[in-house]
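Engineer: Quick one: the structure is below, questions incoming.
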Amino acid sequence: MVIRSPEPADEPAIARFFTALVAGGESRSFHPHPFTPREARHLARGRCPTGRPTEDIYRFGFARGEAVAYGMLRGWDEGFAEPSLGIAVHPDFRGQGLAGQMIRQLHDLARLRGAKVVRLKVYRDNTAAVGLYQKLGYVLTEHDEAQWMGRFSLTAGTAPDAPTFSPQQAA
Ligand SMILES: CC(C)(COP(=O)(O)OP(=O)(O)OC[C@H]1O[C@@H](n2cnc3c(N)ncnc32)[C@H](O)[C@@H]1OP(=O)(O)O)[C@@H](O)C(=O)NCCC(=O)NCCS
């Protein structure tokens, strides 16, 4: 999988990916924006899904010309210090580590922007996503009845509120 910014020629592949997400029913547990051809067109032109110019980060993973993974970091447009991460993998390409690859790339991009923490919200009954975030080291805390809030420290690769490891301690 090659992860990169979307380009205008990717519009049909992104629209097909969105159609697959909706058909798979995932838009119920993952709904950062509608998944219609309109959002595919805007994203393929380097804009945010609503069509505005954006500082937020949208990336797609491509394999053999098809969009197979979608990742985003949002919040900079609204002035937040902690970007929110979103991720979806094409239903036919799950269980191969693609979400992990995309998230590690998003973490690197957030670090380069100077973020210290990435956050997200996840439905408690979204077993795959909860398992994924726990495996990667996200700390999950109560958000509301339906959702957990997840936070990941970018500074040491450790939990945001855990004691930080210092290289001097190891010396
Ligand atoms: C959640 C999602 C992104 C995972 O994508 P994926 O590419 O299948 O995930 P990966 O293959 O990278 O899995 C990494 C880890 O996630 C966890 N995981 C993935 N699928 C899982 C499942 N069905 N049940 C439990 N844990 C699961 C495991 O810990 C896995 O590690 P392992 O393979 O060593 O056991 C994918 O299921 C998806 O797109 N779901 C719909 C959209 C969504 O819900 N997004 C999250 C919104 S908060």
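Engineer: I need the shape label for the range 34-110. Rule: rounded when a/c is under 1.5, else prolate if a/b > b/c, else oblate, with a, b, c from the alpha carbon gyration tensor.
Structural biologist: In terms of gyration-tensor shape, oblate.
Engineer: Between Leu132, Leu120, Leu85, which gets the highest mean-square fluctuation from a Gaussian network model of the chain, Cα cutoff 10 Å?
Structural biologist: Leu132
Engineer: How much of the DSSP beta bridge set in the chain is antiparallel, as a percent to the nearest 5?
Structural biologist: Percent antiparallel among DSSP bridges in the chain is about 95.
Engineer: Distance in nm between label sites at Leu136 and Arg47, each 7 Å beyond Cα in the beta-carbon direction?
Structural biologist: The two pseudo-label positions are separated by 2.8 nm.
Engineer: Roughly how many nanometres apart are two label points built 7 Å out from the Cα toward the Cβ at Arg38 and Arg104?
Structural biologist: The two pseudo-label positions are separated by 3.8 nm.
Engineer: Given the DSSP H assignment, sum -39500 (n - 2.57) over each helix run of at least 4 residues in the chain and divide by its residue total; what's the result at 222 nm in deg cm²/dmol, nearest 500?
Structural biologist: -8500 deg cm²/dmol
Engineer: Taking only C-alpha pairs under 8 Å that are 6+ residues apart, what is the relative contact order of the chain in percent?
Structural biologist: 16 percent
Engineer: For the range 1-21 and the range 36-71, what is the separation of their Cα centres, given in Å?
Structural biologist: 6 Å
Engineer: Is any helix in the chain, taking whole DSSP H runs, at least 20 angstrom long along its axis by alpha carbon and on average at least -0.5 on the Kyte-Doolittle scale, and which ones?
Structural biologist: What comes out of the filter, once short or polar helices are dropped, is 98-112.
Since every read-out is calculated from the coordinates, none of them should be taken as a lab result. Nothing here was measured: the structure is a model prediction, and the numbers come from that model. Backbone-built Cβ (ideal geometry, glycine too); neighbour counts: all protein chains shown.
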